[in-house]
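Trainee: Have a look at this one before I ask anything.
The values are calculated or read from the model by the stated rules, or taken from the named source; none is laboratory data. These numbers come from a predicted model, not from an experiment. Cβ placement follows ideal geometry from the backbone for every residue including glycine, while neighbour counts extend to all protein chains displayed.
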Amino acid sequence: MRAAARHIVRELGFMQRGLAGTDLSPSAVHAIIELGYGTVKNASDLGDLLHLEKSSVSRLVQKLKKDGLIQAGPDPSDKRARDLSLTEEGKRLLGEVEAFGRLQLRSALEDLPSAQIATIETGLALFAKSLSGACVSPPKVDIFEGYRSGVISSVAHLHATFYAQHCGFGSVFERKVATEMSEFMGRIDNPVNTTFSAYSGDRLLGSISLDGEDLTDGASHLRWFIVSPIAHGMGIGNMLLRKATAFVDDHGFDRTRLWTFKGLDAARHLYEKHGFTLAHQTPGTQWGMQVIEQEFVRGRGV
């Protein structure tokens, strides 16, 4: 991680004067961006954000004022303070910095698939929060069993949006999830069928279902396992799979089957962690486009 961080710092130009195509220092460019975004409004806030001493901030502000990039005005809420803002020249420079930064990102990411770009975005955001010590406490999560109002549409929505973004699935897949889950909920009162759903307040964070009726060999069918992207890293997947495997063991099923497709490595890791093994794979199109379909099986009490 440290080697990757050093490489990013070098490639983005932080080791040299003239960051983002300007003739300014990195701290000056940062000040222009944060003042332009409205993240800070005075020298004290700027120093706290950039981790600069008061004397360093004072010199930086004076330099930017001298260059005609920022201006100071009265703070309506505190007569002793002075608000900082960008001049027209500062706003023009901010536009150039933004364009430069976007070009850097496009050049770096244009050949990557959307799934990898999403991973980079999530990883950098989490890393930034960890560095700043700003990680918030995870929300309270409640696990509910059985049907809850809105669960069908919420599960279908999570599936449709995730797999459209990461796998290119379309209406065939969304209709399949919504239709088949609706049919399943008509049988939810059978003791061998259930759904476990994780909620934070009214927001669905993840769901998993066990269908004990639809497979002719008497196995339990694990279906519609999904965790919302906003809940990744919170352990929701582990919680749901623990509930699911305990349910099938308690109801005496000798095995549990699930069908997925190749490439969902995070989900596969969870399946294997909870005792599932890959039993079969073959090309298929049941989700609306050709993928390598995979069947995983778990024996009782594994």
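Trainee: Might you let me know whether the stretch 68-83 holds any residue that is at pLDDT below 85, surrounded by 15 or more Cβ atoms within 10 Å (Cβ to Cβ), closer than 19 Å to L46 by Cβ and in the same structural domain as L12 (by TED's automatic domain parsing)?
Mentor: The answer is yes; a qualifying residue exists.
Trainee: Among residues belonging to the stretch 200-220 that are of a type in the set (S, T, Y) and surrounded by 14 or more Cβ atoms within 10 Å (Cβ to Cβ), point out the one that is modelled with the lowest pLDDT.
Mentor: S200
Trainee: Only one of W224, W287, W259 is surrounded by 14 or more Cβ atoms within 10 Å (Cβ to Cβ) and at positive phi; which?
Mentor: Exactly one of W224, W287, W259 is surrounded by 14 or more Cβ atoms within 10 Å (Cβ to Cβ) and at positive phi, namely W224.
Trainee: Find the residue count for the stretch 227-256, including only residues that are buried (at least 19 other Cβ atoms within 10 Å of the Cβ) and among the hydrophobic types (A, V, I, L, M, F, W, C).
Mentor: Qualifying residue count for the region: 9.
Trainee: Do we have any residue at all in the stretch 20-36 that's farther than 30 Å from T161 by Cβ, within 32 Å of the chain's Cα centre (by Cα), exposed (fewer than 13 other Cβ atoms within 10 Å of the Cβ) and at pLDDT below 85?
Mentor: no
Trainee: Residues of the stretch 179-219 being within 30 Å of I230 (Cβ to Cβ), of a type in the set (V, I, T) and touching a residue at least 12 places away in the same chain (Cβ under 8 Å), which ones?
Mentor: Result: I188, T194, T195, I208.
Trainee: Scan the stretch 86-106 and report the pairs whose first residue is of a type in the set (G, A, S) and whose second residue is not in a helix (DSSP H, G or I), with Cβ atoms within less than 6 Å and a gap of 6+ or a chain change.
Mentor: Note: pairs meeting the criteria are G90/L69; G90/I70.
Trainee: Checking the condition of a type outside the set (A, V, I, L, M), touching a residue at least 12 places away in the same chain (Cβ under 8 Å) and in the same structural domain as P191 (by TED's automatic domain parsing), which residue from P229, P283 passes?
Mentor: Among P229, P283, only P229 is of a type outside the set (A, V, I, L, M), touching a residue at least 12 places away in the same chain (Cβ under 8 Å) and in the same structural domain as P191 (by TED's automatic domain parsing).
Trainee: State whether one or more residues within the stretch 38-47 are exposed (fewer than 11 other Cβ atoms within 10 Å of the Cβ) and either modelled with pLDDT of 80 or more or closer than 24 Å to G123 by Cα (or both).
Mentor: Yes, some residue in the stretch 38-47 is exposed (fewer than 11 other Cβ atoms within 10 Å of the Cβ) and either modelled with pLDDT of 80 or more or closer than 24 Å to G123 by Cα (or both).
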